[in-house]
Each structure stands twice: as C-alpha cells, then as structure tokens.
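A.B. asks: Encoded as structure tokens, here's the structure I'll be asking about.
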Amino acid sequence: MSPFNIGIPSLILILLLALLIFGPKKLPEIGSAFGKTLTEFKKSTTQMMEDEPTSENKEISEETTTPESQKQS
C-alpha cells in the first residue's frame, strides 16, 4: 500500500480541517501559492532533464566530434 493512497473520505476530512484552520478567505491564497510552487518545481526539473545530457547523448556527441583520422586508428 502506497503512503499517498488516501480515499475520498480522508481527502474530505483534510479539506475540512484546512478550511477550519485557515478560514475561507485564506484558503484560495494558499492553494494558489501551492499551485505556483508546483508549477515552478515542474518547470525547473524539466529544464534540468533537458540540460543534463544522458550517457547515450554523450556517446553520440563524442562520436560526432571525433575527427576521422582518430577513428581509423
């Protein structure tokens, strides 16, 4: 069983507790900030994955940058 495997009743209880603790005016602000944080995290991880060459890409780039005279030896 996964640690994030929560059902609908548990989710409703969590949302009700958050509503009671933070109030109806503050809850949308918190949700918006959380959404922006997730978006930035996703964007930065995607950018890191694109910037970091994989071992396969390194091999391909080494093959293409090696002069022909060195390949024949």
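The values are calculated or read from the model by the stated rules, or taken from the named source; none is laboratory data. Values in this document were obtained by computation on a predicted structure and should not be read as measured data. Every residue, glycine as well, gets a Cβ built from its backbone with ideal geometry; the counts of neighbours run over all protein chains shown.
A.B. asks: Of the conditions (1) of a type outside the set (Val, Ile, Thr); (2) surrounded by 10 or more Cβ atoms within 10 Å (Cβ to Cβ); (3) at pLDDT 80 or above, Glu50 satisfies every one except a single condition; which number is it?
C.D. replies: (2)
A.B. asks: Hey, another quick one. Is at least one residue of region 31-39 part of a helix (DSSP H, G or I) and at pLDDT below 90? Break it down stepwise before answering.
C.D. replies: Step one: filter region 31-39 for residues part of a helix (DSSP H, G or I), giving 31-39.
Filter once more, keeping what is at pLDDT below 90: 31.
Yes, region 31-39 has at least one match.
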